[in-house]
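See structure below.
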Amino acid sequence: MLLFDFANRYKPSDSADLKWDLASELKDKLEDSGRGGFDVVAFTHLDDDHIDRASEFFSFKHAAKYQGAGRAEIGELWVPAGAITETNLPEEARLIRQEARYRLLEGKGVRVFSRPRLLEDWLASNGRDLDERDDLITDAGQRVPDYEKSRDNIEFFVHSPFAHRQNDGGLVDRNQHSLVLQVVFQYGGNDVRMFLGADSVDVALKNIVNISESHGNQERLEWDIMKIPHHGSHKSLAPDKGVHVTTPLDEVEDLFKRYGRRGGIMVCPSRSVPQDDSDALPPHRQAVAYYESVKKHLDGEFKITMEHPRASRPEPLVIIIDDFGARIRKSALDAGVAITSQQAPRAG
């Protein structure tokens, strides 16, 4: 069982809060499956809306204070290198950083993505050599070890964070990009591809497309399921929001309309779309208008999580992958409920 990001923002004291209690939901899932935790917990980056209250839910190895009954275990913690090297962090981010650092120094239970010079320097300052931890580090352009379609029916290809070689031959962290992956599910002889865009901005996605194409890895850009980056912000498409619709950078346009497969499902984890521009926070209605155009182009689907199945009563959105590909599970609020003849993997 794998979990990408955790932010429990439910406020039980607020009767108008329509968000689900993520901690309770996940605990129920673990109990139903007879598990005490997750094989992998990935934090794509340390923004508060991707880690909120994680220290209340998970068991952390670095301090007894964050251990004990009722806490979910983390088999392997996945973090970008920036989650190791960042400084001056708020408390929740600092705790995740400490957990990742502890595991990296111990040499087990962690996977770090990219190897900037800052990471090498930090390891050296703690008496460790980068080469000694090479098996725990995965760079952009590589597949995550230990996950193979032929064995596990799933594989992960890393798009970001990445490093660029400088003239001195060293590897440096070009920008603190979040963890971006293509996930490939193999089911019934078919591949279903999911693009996890984290909070990538337009330039990061442009670089991902250019680098993938220059290495002949166009298939690594293909997707049947797209986790919309940055909660529907126009900044994942272009610097200019636009008046009615955001016009994306050419490469970002390719990612959505050229590499998106017919019938593709786009999921935007965000609140409902505002009717005007008075609130600068995403989702931005102009970006949403663009995603609606992609939906039409692909004859696919576009869902905003806090509007599914309806804004007045949102429910967790579940995507089922089976012999027919990927589809959104019908809600209990709908007239019917999807039933499959065999258990199928769920993609969120």
Legend entry - Three-way shape label, the range 179-219, alpha-carbon gyration tensor, a/c 1.5: oblate
Inset, instruction - Just read off the accessible area of D152 with the full protein assembly in place, 1.4 Å probe, to the nearest 10 Å². - result: 60
Inset, instruction - Starting from the Cα-Cα distance between E31 and L130, subtract it from 0.36 nm times their residue separation and give me the gain in nm to one decimal. - result: 31.8 nm
Inset, instruction - Send over a whole-number figure in Å² for the accessible area per residue of the chain, probe 1.4 Å. - result: 48
Inset, instruction - Determine the sum of side-chain charges near T305: Lys and Arg each +1, Asp and Glu each -1, restricted to other residues whose C-beta is under 14 angstrom from that of T305. - result: +2
Legend entry - Global geometry of the chain, whether rounded, prolate or oblate, following the gyration tensor of its Cα atoms and the 1.5 cut on a/c: rounded
Legend entry - Protection-proxy order for peptides 6-17, 318-329, 223-234, 280-291, each taking the mean of Cβ atoms within 10 Å per residue, highest first: 223-234, 280-291, 318-329, 6-17
Inset, instruction - Using Cα positions and a limit of under 16 Å, work out the aspartates and glutamates in reach of K27, with same-chain residues fewer than 8 apart set aside. - result: D5, D39, E56, E73
Inset, instruction - Starting from the Cα of K108, step 7 Å along the direction of its Cβ; do the same at D121; then give the gap between the two resulting points in nm. - result: 3.2
Inset, instruction - First select every other residue whose beta carbon is under 13 angstrom from the beta carbon of K257; then total the charges, Lys and Arg +1, Asp and Glu -1. - result: -2
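Cα-Cα pairs above 16 Å in the range 78-122: how many percent?
Working: 293 of 990 pairs.
Value for the range 78-122: 30 percent of Cα pairs lie more than 16 Å apart.
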Legend entry - Segment N190-E315, length gained on full extension (0.36 nm per residue, minus Cα span): 42.1 nm
Inset, instruction - Write down Rg/Rh for the range 1-145, rounded to two decimals, with Rg from the C-alpha atoms and Rh from the Kirkwood relation over Cα pairs. - result: 0.99
Inset, instruction - Would you compute, from DSSP H runs of 4+ residues alone, the mean residue ellipticity of the chain at 222 nm, taking -39500 (n - 2.57) per run and dividing by the full residue count, rounded to the nearest 500? - result: -6500 deg cm²/dmol
Inset, instruction - Out of all DSSP beta bridges with both ends in the chain, state the antiparallel percent to the nearest 5. - result: 45
Legend entry - For the range 172-321: rounded, prolate or oblate by the Cα gyration tensor [a/c cutoff 1.5]: oblate
Legend entry - Within the range 257-289: backbone nitrogen closer than 15 Å to the A16 label point (7 Å, Cα to C-beta): 272
Inset, instruction - For the range 91-113 and the range 272-293, compute the distance between their C-alpha centroids and round to whole Å. - result: 36
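The values are calculated or read from the model by the stated rules, or taken from the named source; none is laboratory data. Bear in mind that the values here come from a model prediction, so they are computed numbers and not experimental data. FYI the Cβ positions are ideal-geometry reconstructions off the backbone, even for glycines, and counts take in every protein chain you see. Note: accessible area is taken over every heavy atom of the protein model, side chains too, but ligands, DNA and RNA are not part of it. Shrake-Rupley method; radii C 1.70, N 1.55, O 1.52, S 1.80 Å.
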